[in-house]
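Worksheet for the structure shown next.
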Amino acid sequence: MCGIVGINGAPDVCFDLLAGLKRLEYRGYDSAGVATLFNKEFHRQRAEGKLINLERIVKEHPLPGIIGIGHTRWATHGGPTTSNAHPHQGQYVALVHNGIIENHRELRAGFDQTLFQSETDSEVVVHLLDAYIKKGYDHAAAIQATLPQLKGSYALAVLFKNAPDTLVGICRGSPLVIGHGKEGRLFLASDIFAFADYCESVTYLEEGDWTELKNGTVTIYSHGSTHPVTRPSLPISADIASQATKGLYRHFMLKEIMEQPEVLQNTLEKYAHSEAWLTKMPTNPWKKASGLSIVACGTSFYAGCVAKYWFEEIARLPVAVDIASEYRYRHPALPADSCALFISQSGETADTLAAARFTKQKKIYCASLVNVAESSLAREVDQVFQTYAGFEIGVASTKTFTTQLIVLAALTAEVALLRGEISAEERATLQKDLLMLPRLVEETLKIQGSLQRLAPQFERVKAALYLGRGALYPVALEGALKLKEISYIHAEGYAAGELKHGPIALIDDKIPVVVLAPHDVLFEKILSNVQEVLARKGQVILFTDNDGARALNTLAEGMQVCILPKVCSFLAPIVYTVPMQLLAYHVAAFKGTDIDQPRNLAKSVTVE
Ligand code: G6P
């Protein structure tokens, strides 16, 4: 949930730490802090709120030294105050932490309470390490004594006064990567993005690893031991660094929405071009599976909901879709011959990861669909599908959702063929449709101007309804989520047929009702639902295609109609997602909210 950085060997390290934190701010922005170790003393600055507040302070009072750590926080234990901001420091140790120390209360009880300066779970690690150093342990022995006492997840970057040249990194359950920079500079960070343009290569720490970065040399140990282990260093590709800028756009979110034709094409190239069609797919688990469990959070969960329609209709594979935080605790019945698929942009969402580990323990075949190829969720499952969306910086997911959908669509077609539910010719037709998507999405993006003009209507709106049927119902849910997340307008997605069972009570002449209605087999049905809304003076904004617009006839007079390109019903969820993203974006831009970093949210939620 939080972002951490550590740097060893940089003159003016405090400014490099700030630059790294800027790249990680999407992970949390409740407070930020940096600390350096210089002349056997810690030097620290922390500030509430966004990184800019810390930047102002550090500019006026730079911290000395060439070794330091930094943190950008999404508050869990303790409010977003300066005293709860990391780094936390004791007599000998200063550290930053991402994750949760689950037994922090129990551990805290063993200390003199006046030692504590914050309400965080993290601070207890400082005092544990400090206590061992006081007893005369060196830093490695203090780490070895402390780690077995910690329950939960942690990525830690630690400075020790008794090892002033060493930056220590420790990781269990939360990601930590090492960047190899020029002139012996070494970096630690929650993700590669923090240092991509300063480093040529990266090393991914594995679960339970800890590392010492000292005098240009990296040593890695596994599970608290002091026997070095080898982990590969991988080159960092040049385009990662280039993704860090907004280019001509005001917000990353808009840039990422507009990138969709390109990233859909990149993803398709891996999955749906004739020779490459899911070549790595082992046939057995999917061919014979009695069912599929799809588990995810947030927007990724809605991708799973769309996929349920596809898998059941086309591949005749029964699917249960679960919100990850519910799944483990409801004791799901998982037949031994079923498969599970975990969807996550980051591949680090704690609830999704925990759900995958739970399922693996039950000896169920587990696959994941991730955007970050090196993520924990990619490493820990039997089979990985990747989206090629590139980095997504805007906290609200956009291009990663549509690329998830395209992989799920390709997977559905492949599984349907494997299971003998469709012929090779039918699969070829689906493939042909898929290959048209980048162009269709490009065309759909042209609707942007009319959505921008529509946005002022939402200025005083308190709530909005989104309606869809079939696989467009989860798209309605996703559209409502986008509006909530970035414009702070309450919005609900409903299956249009369900309207009459409750939500219709909300309708008056002030509530916008966004309707997703491609001209397909359900068009007439959804039109009846629209009439129910119009009869109660609801403000209908209807998205359809030319055929749908023609079929509306005089009904069109009572509503605003937005025309999208004609698309086959299999792929309509992908095309109809795009105007939902643009509408939410322009409403939020009109209201002037913080679009890329909406209040209280974070991009990657690595706590349960
Ligand atoms: C957070 C983000 C959402 C995202 C969800 C799941 O809540 O704000 O945009 O959909 O996490 O993230 P994942 O990385 O697992 O897809």
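The values are calculated or read from the model by the stated rules, or taken from the named source; none is laboratory data. Everything numeric in this text was worked out from a predicted model, so none of it was measured. Every residue, glycine among them, receives a Cβ derived from its backbone with ideal geometry; neighbour counts consider all protein chains shown. What goes into the accessible areas is simple: the full protein's heavy atoms, side chains included, and nothing from ligands, DNA or RNA. Shrake-Rupley method; radii C 1.70, N 1.55, O 1.52, S 1.80 Å.
Expressed as a whole number of Å, what is the distance separating the alpha-carbon centroids of the stretch 374-397 and the stretch 446-484?
26 Å
Less than 21 Å apart at the alpha-carbon level, and either on another chain or at least 8 residues along: which lysines does that give for Lys591?
Within reach: Lys50, Lys246, Lys255, Lys462, Lys482, Lys484, Lys510.
Read phi for every residue in the stretch 314-320 and hand back ³J(HN,Hα) as whole Hz from Karplus 6.51 cos²θ - 1.76 cosθ + 1.60, θ = phi - 60°, with x for Gly and Pro.
Computed from phi, the couplings for the stretch 314-320 are 9, 9, 6, 9, x, 10, 10 Hz.
Over the chain, what is the mean sequence separation of C-alpha contacts under 8 Å (at least six apart), divided by residue count, expressed as relative contact order in percent?
Details: 1358 pairs, mean separation 72.1, N = 608.
With pairs under 8 Å counted, the relative contact order is 12 percent.
Considering only the other residues whose Cβ falls under 14 Å of the Cβ of Asp197, what net charge follows from Lys and Arg at +1 and Asp and Glu at -1?
Computed value for this residue: 0.
So, taking all protein chains as they sit and a 1.4 Å probe, how much accessible area belongs to Cys297, in Å² rounded to tens?
About 40 Å², rounded to the nearest 10.
Relative to the longest principal axis of the C-alpha atoms of the chain, give the angle of the C-alpha long axis of helix 13-24, reported between 0 and 90° and rounded to the nearest 10°.
Roughly 20 degrees between the two axes.
In cubic angstrom, how much convex hull volume per residue do the alpha carbon atoms of the stretch 43-171 span?
Values: hull volume 13.3 nm³, N = 129.
Per-residue hull volume (Cα only) is 103 Å³.
Would you please give the FRET efficiency between Gln113 and Asp508, computed as 1/(1 + (r/R0)^6) with r the Cβ-Cβ distance and R0 = 56 Å, to the nearest 0.05? Kindly include the intermediate steps, with their values, before the conclusion.
Details: r = 55 Å, r/R0 = 0.98.
Plugging the Cβ-Cβ distance into 1/(1 + (r/R0)^6) gives 0.55.
Tell me, what is a quarter of the convex hull surface for the C-alpha atoms of the stretch 118-231, in nm² with one decimal?
7.3 nm²
For the stretch 69-96 and the stretch 534-602, what is the separation of their C-alpha centers, rounded to whole Å?
42 Å
So what is the 222 nm mean residue ellipticity for the chain from helices alone, if each DSSP H run of at least 4 adds -39500 (n - 2.57) and you divide by all residues, rounding to the nearest 500 deg cm²/dmol?
Result for the chain, helices only: -10500 deg cm²/dmol.
Please get the size of the charge dipole for the chain, origin at its Cα centre, with Cβ charges of +1 on Lys and Arg and -1 on Asp and Glu, quoted in debye to the nearest 20.
Value, rounded to 20: 520 debye.
How large is log10 of I(q)/I(0) for the stretch 3-242 at q = 0.14 Å⁻¹ when the intensity is taken from the Debye formula with one equal scatterer per alpha-carbon?
Results for the stretch 3-242 at q = 0.14 Å⁻¹ read -0.81.
For Ile133, what accessible area in Å² do you get when you roll a 1.4 Å probe over the heavy atoms of the protein chains, rounding to the nearest 10?
Spelled out: Ile133, probe radius 1.4 Å, area about 20 Å².
Can you give the accessible area per residue of the stretch 365-489, in Å², using a 1.4 Å probe?
33 Å²
Count the net charge of all other residues whose Cβ sits under 15 Å from the Cβ of Asn546, scoring Lys and Arg as +1 and Asp and Glu as -1.
Summing Lys/Arg as +1 and Asp/Glu as -1 gives -1.
If you take the alpha carbon radius of gyration of the stretch 377-461 and divide it by 2.2 N^0.38 Å, what ratio comes out, to two decimals?
Normalised by 2.2 N^0.38 Å, the Cα Rg of the stretch 377-461 equals 1.49.
How compact is the stretch 246-435 by the rule of thumb for globular proteins, expressed as Cα Rg over 2.2 N^0.38 Å?
This ratio for the stretch 246-435 stands at 0.99.
What percentage of the solvent-accessible surface of the chain, computed with a 1.4 Å probe over protein heavy atoms, is contributed by carbon and sulfur atoms?
The C+S portion of the solvent-accessible surface of the chain is 51 percent.
Taking +1 at the Cβ of each Lys and Arg and -1 at the Cβ of each Asp and Glu, which of Thr387, Ser290, Gln361 sits farthest along the dipole of the stretch 246-435 towards its positive end, judged by Cα position relative to the Cα centre?
Final value for the positive-end residue is Gln361.
Tell me, what ³J(HN,Hα) does each residue in the stretch 357-366 have, in order and in whole Hz, if you take phi through Karplus 6.51 cos²θ - 1.76 cosθ + 1.60 with θ = phi - 60° and put x for Gly and Pro?
So the Karplus estimates, Gly and Pro as x, are 5, 4, 6, 4, 4, 7, 6, 8, 5, 10 Hz.
Across bins of 20 angstrom width beginning at 0, how are the C-alpha pair distances of the chain distributed, in whole percent?
P(r) for the chain, in whole percents per bin: 20, 49, 27, 4, 0.
With an 8 Å cut-off on Cα pairs and a minimum separation of 6 or more residues, tell me the relative contact order of the stretch 447-608 in percent.
Values: 267 pairs, mean separation 46.4, N = 162.
After rounding, I find 29 percent.
At a 10 angstrom cut-off on C-beta neighbours, averaged per residue, how do the peptides 210-217, 185-192 rank from highest to lowest?
My ranking of the peptides, most packed first, is 185-192, 210-217.
Helix 260-271: angle to the longest alpha-carbon principal axis of the chain, degrees 0 to 90, nearest 10?
Result, in degrees: 80.
On a 0 to 90 degree scale, rounded to 10, what angle separates helix 424-435 from the longest Cα axis of the chain?
Taking Cα atoms only, the helix is inclined about 70 degrees.
What Kirkwood radius, in Å to one decimal, follows from the Cα pairs of the stretch 447-608?
Taking every pair of different Cα atoms in the stretch 447-608, averaging 1/r and inverting gives 15.9 Å.
Farthest toward the dipole's positive end in the chain, which of His61, Ile133, Gln457, given Cβ charges of +1 (Lys, Arg) and -1 (Asp, Glu) about the Cα centre?
Result: Gln457.
Kirkwood Rh over Cα pairs of the stretch 560-608 into Stokes-Einstein at 37 °C, 0.692 mPa s: D in µm²/s? Intermediate values should be presented prior to the final figure.
On the way: Rh = 13.5 Å.
The calculation lands on 243 µm²/s.
Antiparallel DSSP bridges in the chain: what percent, to the nearest 5?
Details: 64 of 103 bridges.
Within the chain, antiparallel bridges account for around 60 percent of the total.
Can you give the FRET efficiency to the nearest 0.05 for Thr81 and Ser290, using r as the Cβ-Cβ distance and R₀ = 60 Å?
0.70
Once you charge only the Cβ atoms, +1 for Lys and Arg and -1 for Asp and Glu, what is the size of the charge dipole of the stretch 246-435 about its Cα centre, to the nearest 20 debye?
420 debye
With a 1.4 Å probe and all protein chains in place, put Ser397, Ser423 in order of accessible area, largest first.
Ser423, Ser397
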